[in-house]
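The values are calculated or read from the model by the stated rules, or taken from the named source; none is laboratory data. On a predicted model such as this, the values are computed, not experimentally measured, just so you know. Cβ sites come from the backbone with ideal geometry, for glycine too, and all protein chains shown count toward neighbours. Protein only, heavy atoms only, side chains kept; ligands, DNA and RNA dropped before computing areas. Shrake-Rupley method; radii C 1.70, N 1.55, O 1.52, S 1.80 Å.
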Amino acid sequence: MLRAYVLTVDSVDGARRSSIARELSSAALPWQFVEGYARGEPAIRELYSPMKNLLLSKRPLADVEVAVYAGHRKIWQKIAEGDCELGLVIEDDARIVDIQAFVRALADLQGANEKWDVVKFFDFKPKRVVSRLRIGATQLVGHKFIASGAVAYLLSRDAARKLLSRKRVYRAVDEDFSHPWEFGLRIWSASPNPIDEASNLLGGSLLAEDRDTLFRKKNLLRSLYGELLQARKQLYAAAYHRSLAE
């Protein structure tokens with residue numbers, strides 16, 4: 001049994017809400033909107049740890065990225081405390097490109113949730129596939145590094161609780177997904193992705209401008225330190241994929 005939660009900061013009659021409502025109308029599953037956070041809200045400042053970001057992340061976070069993370073956590077809390085074993089998290093700019101594969105994957109995964117903790121339905125510029133798992137008619141893959149993008153993913157109630165165990169955040173939500181060993185999670189991706197991102201059709205990304213501004217302010221020492229963090233990540237990722245194969 002599962003329920004879908006749509007993260008949005010759009011107005012009640014906004015284009016993003018209307019778009020995702022149309023997308024989900026053919027999926028035949030219960031769903032609801034969850035109001036996200038705006039940059040500058042007190043909850044955002046309390047959630048973000050600048051010190052841990054400096055020590056453990058290759059780049060600083062824009063306020064809007066922390067706001068998005070807080071919105072995902074709000075949904076995880078509902079899943080962790082709810083009566084459904086699984087929860088589907090979808091951002092309001094998601095677009096279902098293969099409804100049959102998507103619905104089939106939801107059915108397959110509900111019957112085998114002991115084999116996975118999180119399954120992503122969208123990947124942005126995925127890396128090389130290094131592991132595979134077939135569940136029913138659904139092909140799951142693991143990439144060398146888990147790809148960016150948290151537009152749509154299925155997770156178990158236990159996975160939601162594990163993700164919430166981190167009380168303060170210092171990376172973007174999808175960047176934390178690429179460190180699954182820190183949470184004790186098995187994260188896979190449906191292949192091919194049945195969901196895409198449609199933000200370019202809905203007024204553009206809500207993250208891009210703030211994030212790009214930070215990228216233009218790159219610090220040389222921070223960039224060099226980021227290379228060390230990336231090398232460390234490679235070592236952990238290799239061990240993580242060996243554990244998936246066992």
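May I ask you to order 220-231, 164-175 by the average number of other C-beta atoms within 10 Å around their residues, highest value first?
Working: 220-231: 11.0, 164-175: 17.5.
Per-residue Cβ counts within 10 Å, averaged per peptide and sorted highest first, yield 164-175, 220-231.
Work out from phi, with θ = phi - 60° and the Karplus expression 6.51 cos²θ - 1.76 cosθ + 1.60, the ³J(HN,Hα) of each residue of segment 59-73, listed in order in whole Hz, and give x for Gly and Pro.
8, x, 9, 6, 4, 5, 5, 5, 4, 4, 4, 4, x, 5, 5
About its Cα centre, what dipole magnitude does the chain give when the only charges are +1 on Lys and Arg Cβ and -1 on Asp and Glu Cβ, stated in debye to the nearest 20?
Here the size comes out at about 1020 debye.
Using the Cβ atoms and a cut-off under 10 Å, what net charge is assigned to the surroundings of Ile187, where Lys and Arg are +1 and Asp and Glu are -1?
So the surrounding residues net to +1.
If you roll a 1.4 Å probe over the heavy atoms of the protein chains, what accessible area per residue do you get for the chain, in Å²?
Counting only protein heavy atoms, the per-residue value for the chain is 49 Å².
With a cut-off of at most 14 other beta carbons within 10 Å, and DSSP calling the residue loop, which GluC sites (Glu not before Pro) in segment 1-90 qualify? Please list them.
When the GluC sites (Glu not before Pro) of segment 1-90 are filtered for loop state and at most 14 Cβ neighbours within 10 Å, Glu85 remain.
Tell me the relative contact order for the chain as a rounded percent, counting alpha carbon contacts under 8 Å between residues six or more apart.
It comes to 25 percent, rounded to a whole number.
In the chain, with Lys and Arg counted as +1 and Asp and Glu as -1 at Cβ, which of these residues, Leu140, Gly226, His179, has the Cα nearest the positive end of the dipole, that is, farthest along it?
Gly226
Order of 122-129, 183-190 by packing, highest average Cβ count within 10 Å first? Working shown, then result.
On the way: 122-129: 15.0, 183-190: 21.2.
Ranked by mean Cβ neighbours within 10 Å, highest first: 183-190, 122-129.
Pick out, from Thr8, Ala38, Trp188, the residue whose Cα sits farthest towards the positive end of the charge dipole of the chain, with +1 on the Cβ of Lys and Arg and -1 on the Cβ of Asp and Glu.
Selected residue: Trp188.
Volume per residue, Å³, of the convex hull around the alpha-carbon atoms of segment 59-121?
Expressed per residue, the convex hull around the Cα atoms of segment 59-121 is 128 Å³.
Ignoring ligands, DNA and RNA, what percent of the 1.4 Å accessible area of segment 41-149 is carbon and sulfur?
52 percent
Out of residues 5 or more away from Gln139 or on other chains, whose amide H comes under 5 Å of its own, with H placed 1.01 Å from N in the peptide plane?
Amide H neighbours of Gln139, under 5 Å, 5+ apart: Ser191.
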